[in-house]
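First the structure, in the form of structure tokens, and then the observations on it.
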Amino acid sequence: MNTIEHWINGSYVPVGDRTAPVTNPATGKVTGQVALASSQECDAAVAAAKAAFPAWRDTSLARRTQILFAFRELLNSRKGELAAIITSEHGKVLDDALGEVTRGQEVVEFACGIPHLLKGSYTENASTSVDVHSIRQALGPVAVISPFNFPAMVPMWFFPLAIAAGNTVIIKPSEKDPTAVNWMAELWKEAGLPAGVFNVLHGDKVAVDGLLNNPDVKAVSFVGSTPIAKYVYQTATANGKRVQALGGAKNHMIVLPDADLDLAADAAINAGFGSAGERCMAISALLAVGDIADDLVAKIAQRAAALRTGDGLRGCDMGPLVTAQHRDKVAGYIDAGEASGATVVVDGRNIAADAEGDGFFVGPTLFDNVTPDMSIYQDEIFGPVLSVVRMDTYEQALNLINSNPYGNGTAIFTNDGGAARRFENEVEVGMVGINVPVPVPMAYYSFGGWKNSLFGDTHAHGTEGVGFFTRGKAVTSRWLDPSHGGINLGFPQNA
Ligand code: NAD
């Protein structure tokens with residue numbers, strides 16, 4: 001049995017008394033035991049990050065960048081190994097796992113430009129013989145707490161920029177698929193990162209609370225469900241930390257009557273059923289405007305019925321859900337949708353999956369005639385369940401999106417540029433796709449939702465990520481000149 005240990009100060013530490021099983025969701029078999037940190041182990045990880053900070057902060061940008069480039073090269077040449085680990089613990093199909101690694105790698109590539117991103121500004125002669133310049137400096141040890149659904153990409157939204165900017169990091173991955181981050185810890189060591197700059201602490205609420213309450217942790221980047229995001233935000237900000245806490249989602253896709261319905265149906269399949277719907281940017285509500293609904297539902301149903309569900313290593317289109325409990329929860333939502341009167345067009349319950357053993361499968365499920373009062377519309381299901389809500393007008397669809405408590409991602413499908421432009425302007429959601437169903441921004445833009453999808457002011461990666469992991473300083477200087485002597489108790493004014 002594989003044991004998944006903490007990685008502290010550049011090496012593994014023996015597992016203590018608390019562990020949790022890690023399962024391959026495609027087979028239902030337990031493949032390992034992951035350590036669950038005690039508060040003492042949490043303190044040890046933070047102490048390692050604190051001790052490594054002064055030397056890492058003072059390491060030249062040239063040297064830091066060389067290590068980032070080395071990490072990027074190693075990751076790029078060995079990403080197949082990481083993708084296989086993701087598939088074996090998360091369940092998503094191998095191509096999708098590779099896609100996740102590639103999107104994470106893009107943030108590493110962005111972070112390789114850190115010398116440019118950290119450049120300050122300089123004003124000569126702001127007042128007579130007085131110059132002003134600005135610099136951005138690292139914060140110290142920072143914590144990253146990540147969810148199960150992107151075990152490599154979500155940590156990579158944060159740690160490349162945190163490390164590049166001179167901080168040290170403690171990562172608390174999801175206990176459901178913890179191995180990917182350990183694999184990346186070993187890669188960092190190979191790339192030449194000094195011990196203690198990147199630490200991995202496995203665990204549950206004990207580990208999270210330990211990080212939120214440790215005064216040496218200066219900032220927290222959290223991604224997970226909305227109730228935990230809110231808790232993390234409230235606890236860590238009350239402790240004086242800088243926090244970005246990304247929460248859950250309920251993403252809508254509008255299809256206007258003039259849209260290309262084949263393109264829209266393909267997009268709905270990709271965004272609804274990719275990664276078995278376990279994406280914070282998955283589309284779960286499709287708002288069909290006008291008289292296109294019958295045609296669109298038929299096109300989506302035909303495509304959904306043709307998808308192959310099974311073990312992600314067997315070339316299937318869609319893998320399992322992450323745990324048996326989650327499979328049962330998703331199946332329960334399908335039961336509730338049927339009971340509340342929605343039409344089950346494609347039923348993913350009891351499908352025959354292409355896998356050995358007893359995996360946690362639910363097939364693609366399509367509902368029509370869903371109404372906003374139903375739980376399949378209201379809740380984040382986080383499974384392969386797509387609900388079609390029929391709308392008479394664009395305004396009705398827009399109002400539905402804007403009255404939703406979440407605001408992570410959304411998309412509109414249309415050939416009318418004016419309508420798309422109006423939607424971009426009016427919709428109250430952080431990431432918008434125009435004929436693009438999963439509008440995850442590039443690494444040099446920032447990722448983040450609105451409302452209950454993000455607590456805090458700063459989005460992930462891009463220049464906002466650089467801002468989050470650094471604090472600014474403005475320096476006003478004057479070099480000795482006898483003409484500037486004299487006493488003046490008034491507030492400094494420029495002349
Ligand atoms: P989760 O909230 O259960 O867990 C997230 C992290 O919090 C994990 O590391 C977990 O160990 C920890 N945690 C769990 N319970 C805790 C508790 N009581 N106290 C303290 N920490 C706790 O989320 P998940 O199921 O791993 O991930 C799925 C959720 O994440 C979905 O809601 C999804 O929308 C969201 N998500 C959001 C984004 C985004 O960018 N907004 C991205 C990915 C996932």
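The values are calculated or read from the model by the stated rules, or taken from the named source; none is laboratory data. Being a predicted model, the structure only gives us computed values, none of them experimental. We place every Cβ from the backbone using ideal geometry, glycine too, and count neighbours over all the protein chains shown. All accessible areas refer to the heavy atoms of the entire protein, side chains included, with ligands and DNA or RNA removed. Shrake-Rupley method; radii C 1.70, N 1.55, O 1.52, S 1.80 Å.
Values as computed for the structure displayed
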{"item": "Alpha-carbon Rg/Rh ratio, for segment 251-434, with Rh computed the Kirkwood way", "result": "0.96"}
{"item": "Peptide ranges 306-319, 149-162 listed from the most packed, as the mean C-beta count within 10 angstrom indicates", "result": "149-162, 306-319"}
{"item": "Normalised contact order of segment 251-434, rounded percent, pairs of Cα under 8 Å and 6 or more residues apart", "result": "28"}
{"item": "Accessible surface ranking that places the most exposed of His133, His116, His326, His6 first, with a 1.4 angstrom probe", "result": "His116, His133, His326, His6"}
{"item": "Segment 151-165 and segment 426-495: distance between their alpha carbon centers, rounded to Å", "result": "19"}
{"item": "Among beta bridges that DSSP assigns inside the chain, antiparallel share in %, nearest 5", "result": "40"}
{"item": "Square roots of 5 times each gyration tensor eigenvalue, C-alpha, segment 166-230, largest first, Å", "result": "22, 15, 10"}
{"item": "Size of the chain as Cα extents on the principal axes (Å, biggest first)", "result": "84, 58, 39"}
{"item": "Taking the chain and dividing mean pair separation by its residue count, relative contact order in percent (alpha carbons under 8 Å, at least six apart)", "result": "18"}
{"item": "Which listed pairs, of Lys172/Lys230; Lys230/Lys250; Lys92/Lys329; Lys241/Lys329, have C-alpha distances above 27 Å, in listed order", "result": "Lys241/Lys329"}
{"item": "Whole-Å distance, taken between Cα centres, linking segment 246-325 and segment 1-71", "result": "35"}
{"item": "Among 352-365, 433-446, the order from most to least packed when residues are scored by Cβ within 10 Å on average", "result": "352-365, 433-446"}
